[in-house]
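Trainee: Let me begin by handing over the structure; questions about it come next.
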Amino acid sequence: MSNRKNIMNTDMDSDKRRSAVPSGLQAVPAPPVPPAASAFPGGSGYAGDAVNTEQAKASKNGSEAAGAVAPRSRVVSRVALAVITVIVLVALIVAVVLLPLPGWLVDFAKAGNATAAKQVNQTDLTYYCPSRMALSDNEKYGDSAFQASEGNMTSSARYSAFGSVYEATVGAVTNGSEADNKKLSGGDTVDSASVKTYSGSADKGAQAFETRLLAAKSGTGAAASVASWATDGDLKGLSASTCVAPSLEQDFLAGPTTTGATQQLSVANFSAKATSLQVQVFSTKHGTPLQLSTGSIVNIGANGEATLELSAAAPNNEALFVSVKSKETPIAAVVRSVEMDGLNAKGSDYAVPLNAASKKAYLPGIAGDDEVTAFARAEQDTDLNLSWIDGNGATPAKTQHLEAGKVVPVDLGKAPQGVDGLEASAASPVDVTAKVTQNADSGTDFAYVSPSGTFEQSAVVVPDHTEGTLTFLNTSDNETKAALRGYDASGKPAGNKEITIPANAGTSIAAKDVDQNAVMFTLKNGKNVSMGMRLTQSDVTGSQLAAVAYLASSGLEPRNMQVWVNDNAGIVH
């Protein structure tokens, strides 16, 4: 610094001397001296500047060297951090997807868990209407005088849809086309008085009766029935059946498989998918299923029918309980029962599926002078109490002990005069059916009377060329009133009648007493009333032959199912 001060002082003295030049003379300014040459020739500045310059260069070179190392270090650190972050994120995602969150991390709804019910209604109904009665074996053997014959068999069927119905059709179960389907016609309104109907024969095979509803509500539904009769041959008499709704399991109580008696199981599959059936048969001899000689599995194709000869599968039994279970799709079935005594026809009828076994069952449609045999079966040992029901109430008929699994025939003899039906009760659920036999001068006929359910609204229809008697049993301990309404063959209203039934009693009304033209009937406010119809046929009775058949009522109630849904926020991840 002292050198710098001396140089600065010298410069100041020189400036003073130059400013002292006498006037008149022009001062010539000295040429500027570059700062780099003022002290050290060949130098680049002051000594201090030189030192600073060297330090700056050194510092710059050091920074550049350090800078070359620092970026590489930072890149490696960032890559490592990114890899670690990705691994952590993947682990968290896997944990969230696969593992439930701890309870303390779940936000539960303030209202707690909730349960909601969803009702699912069935609006497409299908029924199986069997073909007319037929012999199990139509082959001709030996002398013509001894060959089996169906005789002059005639048949009729009526199909009816009630209430809020969009469309109803009837077509063949197998080998049919939609173009061949028959459409029911009638009223186009949607109230409970609207009826669509169609009548035809049952000669061309089993029919599928399909109904599409506009709404699932009480008073809306379908009912149908078939009947066949003959005055000569081996099927003399009258046979009838209500049309059957499909289900995955159907049970039957049928008559004997002794000599001269045949029981043929006929099954229909309406689905486009084939299925296999497991058939179990219980007899009067054993409480366990029989080993069937024909096997217990029946295969049935899509939109097809199949038969099983129960008489061959389980011969020499007084009665059978038959259980049919489908593995794949719902099926519908009936059992055709035919009895012969040598060359003498002893009658024929259809056995239809039973309702679920119950501790109390009502069988309307039994009349005075009927020879009655009840077939019963229970899963557990129990005592069965049978009582006649007439206009005054119930009268005990017989008590029978039932062994678990076995079918027990109960001979009740002749029904008393004025009887309207039969009541069956037990401490455990029981399946029961009554076989009623009617004798005439020139022949015998029988019918199976199955328990009839109780519905708020129900219906029963009469096939053409048959006549019927309606029977009502009051299942309650109080007097009951119900409204009976008739309709003619075109579906128009034909007569009304209020039915009053004493507590635990019954009553019967001829169909023609409602109206001479009434062939279809609905019952309203009948939740405590079991309704059925006893059929006869004038051509058969006019030939001095017995003619007896029975039709159970069909419920006009919505078929629905409750689906319950639990709302639990704890299961939401």
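The values are calculated or read from the model by the stated rules, or taken from the named source; none is laboratory data. Quick caveat, the model's predicted, so the values are computed rather than measured. Every residue, glycine as well, gets a Cβ built from its backbone with ideal geometry; the counts of neighbours run over all protein chains shown. Side chains included, ligands, DNA and RNA excluded: accessible areas come from the protein's heavy atoms. Shrake-Rupley method; radii C 1.70, N 1.55, O 1.52, S 1.80 Å.
Trainee: Can you pull out every residue in the stretch 264-289 that is assigned to a strand (DSSP E or B), touching a Pro at 6+ places or on another chain (Cβ under 8 Å) and without any contact (Cβ under 8 Å) to a residue 60 or more places away in the chain?
Mentor: Answer for the stretch 264-289, where residues must be assigned to a strand (DSSP E or B), touching a Pro at 6+ places or on another chain (Cβ under 8 Å) and without any contact (Cβ under 8 Å) to a residue 60 or more places away in the chain: 280, 281.
Trainee: Got a number for residues in the stretch 204-215 being open to solvent by 30 Å² or more (accessible area, probe 1.4 Å) and modelled with pLDDT under 90?
Mentor: 2
Trainee: Quick one: which of 357, 306, 312, 302 is of a type outside the set (D, E, K, R), open to solvent by 10 Å² or more (accessible area, probe 1.4 Å), in contact with an Asp or Glu (Cβ under 6 Å, 6 or more places away or on another chain) and farther than 23 Å from residue 236 by Cα?
Mentor: Testing whether each residue is of a type outside the set (D, E, K, R), open to solvent by 10 Å² or more (accessible area, probe 1.4 Å), in contact with an Asp or Glu (Cβ under 6 Å, 6 or more places away or on another chain) and farther than 23 Å from residue 236 by Cα leaves just 357.
Trainee: Would you call residue 333 modelled with pLDDT under 95 and in a strand (DSSP E or B)?
Mentor: Values: modelled with pLDDT under 95: no; in a strand (DSSP E or B): yes.
So residue 333 fails the test.
Trainee: When residue 547 is evaluated against the numbered criteria (1) of a type outside the set (Lys, Arg); (2) over 19 Å from residue 462 (Cβ atoms); (3) touching a helix residue (DSSP H, G or I) at 6+ places or on another chain (Cβ under 6 Å), which criterion, by number, is the only one it fails?
Mentor: Of (1) of a type outside the set (Lys, Arg); (2) over 19 Å from residue 462 (Cβ atoms); (3) touching a helix residue (DSSP H, G or I) at 6+ places or on another chain (Cβ under 6 Å), only one is false for residue 547: (2).
Trainee: What number of residues within the stretch 495-527 are in contact (Cβ under 8 Å) with a residue 24 or more places away in the chain and not in a strand (DSSP E or B)?
Mentor: Of the residues in that region, 14 qualify.
Trainee: Another question about this same structure. Condition first: part of a strand (DSSP E or B), under 18 Å from residue 531 (Cα atoms) and either open to solvent by 20 Å² or more (accessible area, probe 1.4 Å) or in contact with a helix residue (DSSP H, G or I) (Cβ under 8 Å, 6 or more places away or on another chain) (or both). Now tell me which residues in the stretch 471-494 satisfy that. Give the derivation first.
Mentor: We begin by selecting, within the stretch 471-494, every residue part of a strand (DSSP E or B); these are 471-474, 480-487, 493-494.
Right, trim to under 18 Å from residue 531 (Cα atoms) and you get 471-474, 480-487.
Correct list: 481, 483, 484, 485, 486.
Trainee: Moving on. Name the residues in the stretch 494-514 that are of a type in the set (A, V, I, L, M, F, W, C) and more than 15 Å from residue 390 (Cβ to Cβ), would you?
Mentor: In the first step, residues of the stretch 494-514 are kept if they are of a type in the set (A, V, I, L, M, F, W, C); the result is 494, 499, 501, 503, 505, 509-511, 514.
The answer is 494, 499, 510, 511, 514.
Trainee: Quick one: is residue 257 touching a Pro at 6+ places or on another chain (Cβ under 8 Å) and hydroxyl-bearing (Ser, Thr, Tyr)?
Mentor: Numbers: touching a Pro at 6+ places or on another chain (Cβ under 8 Å): yes; hydroxyl-bearing (Ser, Thr, Tyr): yes.
In short, yes.
Trainee: Also: What are the pairs, 6+ residues apart or on separate chains, where a residue within the stretch 236-257 that is farther than 28 Å from residue 536 by Cβ has its Cβ under 8 Å from a residue that is among the small types (Gly, Ala, Ser) and surrounded by 24 or more Cβ atoms within 10 Å (Cβ to Cβ)?
Mentor: Once the first residue is farther than 28 Å from residue 536 by Cβ and sits in the stretch 236-257, its partners that are among the small types (Gly, Ala, Ser) and surrounded by 24 or more Cβ atoms within 10 Å (Cβ to Cβ) give 246/268; 246/332; 247/332.
Trainee: Name the residue that is modelled with the highest pLDDT, counting only residues in the stretch 103-129 that are surrounded by 10 or more Cβ atoms within 10 Å (Cβ to Cβ) and part of a loop (DSSP other than H, G, I, E, B).
Mentor: So the residue we want is 123.
Trainee: Exactly one condition in (1) under 19 Å from the mean Cα position of the chain (by Cα); (2) at positive phi; (3) surrounded by 23 or more Cβ atoms within 10 Å (Cβ to Cβ) is false for residue 347; which is it?
Mentor: Tallying (1) under 19 Å from the mean Cα position of the chain (by Cα); (2) at positive phi; (3) surrounded by 23 or more Cβ atoms within 10 Å (Cβ to Cβ), residue 347 fails exactly one: (1).
Trainee: Suppose we filter 453, 468, 443 for residues that are at pLDDT below 95, out of contact with any helix residue (DSSP H, G or I) (no Cβ under 7 Å at 6 or more places or on another chain) and over 21 Å from residue 233 (Cβ atoms); which single one remains? Walk me through it before giving the result.
Mentor: Numbers: 468 fails: out of contact with any helix residue (DSSP H, G or I) (no Cβ under 7 Å at 6 or more places or on another chain); 443 fails: over 21 Å from residue 233 (Cβ atoms).
Testing whether each residue is at pLDDT below 95, out of contact with any helix residue (DSSP H, G or I) (no Cβ under 7 Å at 6 or more places or on another chain) and over 21 Å from residue 233 (Cβ atoms) leaves just 453.
Trainee: For a quick check of your reading of the model, give me the residue pairs whose first member lies in the stretch 203-217 and is within 15 Å of residue 122 (Cα to Cα) and in a loop (DSSP other than H, G, I, E, B), whose second is open to solvent by 20 Å² or more (accessible area, probe 1.4 Å) and among the β-branched types (Val, Ile, Thr), with beta-carbon atoms closer than 9 Å and at least 6 apart or on different chains.
Mentor: Sorted first by the residue in the stretch 203-217, then by its partner, the pairs are 214/123; 214/190; 215/123; 215/190; 216/123.
Trainee: May I pose another question? With respect to the numbered conditions (1) surrounded by 17 or more Cβ atoms within 10 Å (Cβ to Cβ); (2) within 31 Å of the chain's Cα centre (by Cα), which one is the sole condition not fulfilled by residue 276?
Mentor: The one condition residue 276 does not meet is (1).
Trainee: Going by the structure shown, is residue 406 in a strand (DSSP E or B) and either farther than 28 Å from residue 151 by Cβ or open to solvent by 30 Å² or more (accessible area, probe 1.4 Å) (or both)?
Mentor: no
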